[in-house]
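The values are calculated or read from the model by the stated rules, or taken from the named source; none is laboratory data. Just so it is clear, the structure is predicted and the values come from calculations on it, not from any experiment. FYI the Cβ positions are ideal-geometry reconstructions off the backbone, even for glycines, and counts take in every protein chain you see. For the accessible areas, the whole protein counts, side chains as well, though only heavy atoms, and no ligand, DNA or RNA atoms are used. Shrake-Rupley method; radii C 1.70, N 1.55, O 1.52, S 1.80 Å.
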Amino acid sequence: MNTPVRAAAEKELIYYRRMCNELGKDLQRVQEENERLVREVRRYQSQSRLDRELSHVTGTAADMASMATLVLDAVIEHSLCARAMILHERADHAGCFNILAAAGCRDILVKPSATLDAAPAFGHSFEGEHFPAGVAAFFKAVGKLIGSTHLIWNYDDDSGFAILMAGALGPGDVMFRQQGDDLSYTALARLVDGYWRLQARQPANEIPEISEPPPCIEASPAPSQDTIPRLDRARPTIREYEIASSIAKGGAIEQVAVLMRDDGEYELFVRPSWSTGFRQMLTFRGHAEKVYKDVNRLLGYVRTACRHDGSIVFYAGGSKQFEALKPAAPTSLPDDRTREASAYDATGATDVPSIPFKRSGGTDENRS
Amino acid sequence: MVAFLAPEISPKLQCVDLLAHGDLEAGHQLGRLVRDQHASDAAVLLLYDSVLSFQPRRLHSAGHLLQGFQAEWPGAMATMGGGLLTDLNLTDGWILLNGEVKRHAALALVFPRSVTADAIILRAARPISSLMRVTHIVGAEIFTLDGRRALDVVEEHLDAPLTDTASHPSRIMTLGLKLGEQWESGTPDDYVNRLIVTADREKGSVTLFEPDFYEGALVQLMQNDPAMMLDMARNRVAAAPMRCEGGRQPFLRLYIDCAGRASAMSGALVEEADVVAEVLPDDTPFLGFYSGVEIAPLCGRSHPLDWTGVLATYSRVG
C-alpha cells in the first residue's frame, strides 16, 4: 500500500474507531437513563412489598420478640443488607439500648445492650463518611456493635425503637445504599405501629377471667343495602383495645358495615353488642379512622380481631346509608378521641394502662 | 440425589476438595477420577465452590479447573455446570455432600450413556467500544490495553469512575472476546465475556472473573442490556428440546443462571428466571440456581462464561 493510501486508511480507521466509541457512549447514556428509571420503579416496588409484608407481620404478631425477628427477616430480604438489629432504648436510662433482635450476626458477638449517646433520628455511614457529620463517636459505637462501617441507622425518639442495618461489601451493597434509607424508615414505622398495637391489646390480656359481660343493647335488624344504618351518636368511634377487652368479657361484634369511598379506600364500622349503633374503627392510637386499601386485609381484620363471622355490608359513596354513617369520621368530630375515651371509661371497661415506654407520634399508623 | 430415582438416569458422583491448593491440579485430579470410571461420551455436570476467599476477594478459577478436567478426560469438552455461591456479594460458597459441608470442592455428576444433554445459552451483553488489544496481562489482571493503563482506557468509555474507593465496581462491566472470525459481523453469541470484578487505581489494572484472556487478544468493553436479556430468554427457551423429540425423553431442565442476571443486580423490572420458567415448552421438571460462572459448550468446547444463563436439558434416549 503506498503511503498516501495507507495514511488515508489509517485516518479512516481512527474515524470509525472514534465513531464506534461515541456510539457506545450514547448507548450507555440511554441505558443509564433507563436503569435510573427502573431503579426508581424498583425502589417503590420494594418499599411497597416490604410495607405490605410488615403490615401483615405487625398486625398479627403475638409479642414484640417474635415481631422483631420477623421484621428483621423481611428487612434483610428486601434491602439486601448483611446484618440488621432492632434496638429499644430503656425508659430509665437514656442512651442505653437493649438489642431486641439481631439477624445475620452469627459471626459476631451480639451484646444484650449498648450505650449509644447522641443518637440521631437518622444517619448513615459509608467508607468513613458519616451523616450527620457531628456524631463520629456515635457511628464508631454502632459500627463496633454491628461489625461494619457500612450502615444505616433509623431511630424513633418517641417510642425509643431503632433499627440498625449493615451493608455487605460487594455488588449487593449498591442496592443497599440506594434503598436502605427508605426501607429502614418503613420498617421502623411499621415496627412502632405493631408495638402500639400490642400495647393497645394489653388491657384484654390483663383481665384475669371473664367477668360480667358488658350491658347488651337490644339487637337491631341485620343491615342490608336498603336499611339506613344507625350511628351510636354518644360514642361514634371505637378502637381495637375496647373490642378486645369487651369480647373477653362476653361482648360481641354483631354487625359490620364498610363505606366505599370515592378514592378507592374503605372505612370500617362495627356495631358492638354493648352499643346503640354503629361505631367507626379508629387506628390503634385513635388519631384517625382506620382505612383499608385492600378488602382482603379488611376481611382478615374483621374475622380475627373483631371475631365477626357474619355478613359484611358495603355501602357505596354518596348513598343514603353512606351519609348516615359518615358523620362518625374523626375529621368531622375533631375532639371525639377524648369523648370516645371518656364514654368508654363510663362503661367501666379497663382503660389503657400507663405505658412504661415513651409515646410515639412520628409514624404513620394509618396505612392498612 | 432426590431428583434421580431411576438407575438408568442417575449420575455417578466424583468429588475433589483440593481447590484451595490449586484449581488446575484439582481439575486434573477430577478428570482422572472420571476417566477411570466413565466413557468419554457421557454427559457431565460440573459444580464447584466459587469463592476462595472473601477478603481479599479471590475466586476459584473455572478456567483452570476446566483446563485440568479437559486435559484428563475428553468427555469434559461438552461439560456443563456452574460455580456455586451463597449470596450475590460472593461472600462464600460450599457444597453439602454425603452429610458434610465441603468447601473448596468440585464435583462431577457423570450420567449414564443413555442420557444426553443439550444447552441453550442466553446472553445479555453487547459491545460498546471499538476493539482494544490486551498488551499486558498476568492471570486475570489486565495491566494495559493498547499499551496504556487498562483502567484509564476503560474509564474513557464511562461517565463515572469504574470503582469506588474500596475498589469495588460501581457498575457492572464486562470485557468481551470475540470467538471465530474477528472481522465478520458478530452477534452476542460470538463473545466470551469476562466480568470486571475489581480494579487497582494505583497500578491502573482491572481484574477479570477468570484468567483466560491473553496478551494480543482483541477485546471490547461490553455492557449488560436487561431488555436484550429478557428478549433472549423469551425467544430461545421456547426452543428447548421437547418431550419425545427425536426419540428422547427429557427428564430434567437445569437452569444455571449468572447471579448478575437477578433483577436486583441487572436492573430488570422482572426476574429473568421467571421469564425462563414461564416460556418453557413442557412440564419437564425444572430446577435452577444462581451461579458465579456458568460452563457450557461453545464452538465445540466447553468454556467458562460470565453473565449468561445456561438452560441444560437432560434427556433419556429411547
Exercise. Say the dipole of the protein assembly as shown comes from +1 at the beta carbon of Lys and Arg and -1 at that of Asp and Glu; which of B:Val192, B:Leu218, B:Ala20 then lies farthest toward its positive end?
Worked result: B:Ala20
Seminar exercise, completed: Mean Cβ-within-10 Å packing, highest first, puts peptides A:228-235, B:75-82 in the order B:75-82, A:228-235
Problem set entry | Rounded to 10°, Cα long-axis angle of helix B:62-72 versus longest principal axis of chain B | 50
Seminar exercise, completed: With the 8 Å Cα cutoff and a minimum separation of six or more residues, chain B has a relative contact order in percent of 21
For this session: Between A:Arg307 and A:Tyr44, take the C-beta separation as r, use R0 = 41 Å, and let me know the FRET efficiency to the nearest 0.05.
Result: 0.70
Problem set entry | Shielding score for A:35-44, defined as the mean number of other chain Cβ atoms within 10 Å | 2
For this session: Considering the options A:Ala62, A:Ile76, A:Gln45, tell which one lies farthest towards the positive end of the dipole of segment A:15-80, charges being +1 on Lys and Arg and -1 on Asp and Glu at the Cβ, about the Cα centre.
Result: A:Gln45
Problem set entry | Alpha carbon centroid spacing (whole Å) that separates segment A:248-275 from segment B:251-283 | 45
Exercise. For the protein assembly as shown, what is the calculated [θ] at 222 nm in deg cm²/dmol (nearest 500), taking -39500 (n - 2.57) for each run of four or more DSSP H residues and dividing by its residue count?
Worked result: -10000 deg cm²/dmol
Problem set entry | Averaged over B:217-225, number of beta-carbon atoms from partner chains that fall within 10 Å | 2
Seminar exercise, completed: One would report the antiparallel percent of DSSP beta bridges in the protein assembly as shown, rounded to the nearest 5, as 85
Seminar exercise, completed: Surrounding charge for B:Asp190, neighbours by C-beta under 12 angstrom, Lys/Arg +1, Asp/Glu -1, total 0
Exercise. What residue among B:Tyr290, B:Gly75, B:Ile142 has its Cα farthest toward the positive end of the dipole of chain B, where the charges are +1 on Lys, Arg and -1 on Asp, Glu, each on the Cβ?
Worked result: B:Gly75
For this session: For segment B:126-224, give the share of DSSP beta bridges that are antiparallel, in percent and rounded to the nearest 5; count only bridges with both residues there.
Result: 100
Problem set entry | Nearest-20 debye value, the protein assembly as shown charge dipole, Cβ charges on Lys, Arg, Asp, Glu | 220
Problem set entry | segment B:169-219: GluC sites (Glu not before Pro) in DSSP coil with no more than 10 other Cβ atoms inside 10 Å | B:Glu181, B:Glu184, B:Glu202
Seminar exercise, completed: Averaged per residue, the 1.4 Å probe accessible area of the protein assembly as shown, protein heavy atoms only, in Å², is roughly 44
Seminar exercise, completed: Counting Lys and Arg as +1 and Asp and Glu as -1 over every other residue whose Cβ sits under 13 Å from the Cβ of A:Glu12, the net charge comes to +3
For this session: Determine the shape class of chain B: with a ≥ b ≥ c the square roots of the Cα gyration tensor eigenvalues, call it rounded for a/c under 1.5, and otherwise prolate if a/b is greater than b/c, oblate otherwise.
Result: prolate
Problem set entry | Only Lys, Arg (+1) and Asp, Glu (-1) charged, at Cβ; chain B dipole about Cα centre in debye | 500
Problem set entry | Separation of alpha-carbon centers, segment B:148-196 and segment B:1-68, rounded to whole Å | 29
Exercise. What shape does the protein assembly as shown have by the C-alpha gyration tensor, where a ≥ b ≥ c are the square roots of the eigenvalues, rounded means a/c under 1.5, and otherwise prolate means a/b greater than b/c and oblate the rest?
Worked result: prolate
Exercise. For the peptides A:95-103, A:148-156, what is the packing order when you average, over each peptide's residues, the other Cβ atoms within 10 Å and list the highest mean first?
Worked result: A:148-156, A:95-103
Seminar exercise, completed: The answer for chymotrypsin sites (Phe, Trp or Tyr not before Pro) in segment B:191-237 that fall in a DSSP coil and have at most 13 neighbouring Cβ atoms within 10 Å is B:Tyr214
Exercise. Any idea what the dipole of segment A:1-53 comes to, in debye rounded to 20, about its Cα centre with Lys/Arg Cβ at +1 and Asp/Glu Cβ at -1?
Worked result: 80
Exercise. Within segment B:189-318, what percent of beta bridges assigned by DSSP are antiparallel, to the nearest 5?
Worked result: 75
Seminar exercise, completed: Heavy-atom accessible area of B:Thr91, protein chains in place, probe 1.4 angstrom, given in Å² to nearest 10, is 40
Exercise. In terms of the Cα gyration tensor, with a ≥ b ≥ c the square roots of its eigenvalues, is segment A:29-203 rounded because a/c is under 1.5, prolate because a/b exceeds b/c, or oblate?
Worked result: oblate
Seminar exercise, completed: Computed for B with A: buried accessible area summed over both chains, 1.4 Å probe, rounded to 100 Å², at 2400
Seminar exercise, completed: Counting only residues 5 or more apart in sequence or on a different chain, those whose built amide H sits under 5 Å from that of B:Leu145 are B:Thr135, B:Ala150
Problem set entry | Helix axis angle, B:23-37 relative to chain B longest principal axis, alpha carbon, degrees | 20
Problem set entry | Rel. contact order, % - alpha carbon contacts under 8 angstrom, at least six apart, segment A:29-203 | 26
For this session: Provide a whole-number value for the mean count of partner chain Cβ atoms within 10 Å of the Cβ atoms in peptide B:90-100.
Result: 1
Problem set entry | Positive minus negative residues near B:Ala273 (Lys, Arg vs Asp, Glu; Cβ under 9 Å) | -3
For this session: Treat each spin label as a single point 7 Å out from the Cα along the C-beta direction, and report the A:Asn296 to B:Thr187 distance in nm.
Result: 4.1
Seminar exercise, completed: Rounded to the nearest 10 Å², the 1.4 Å probe accessible area of B:Ser263 is 10
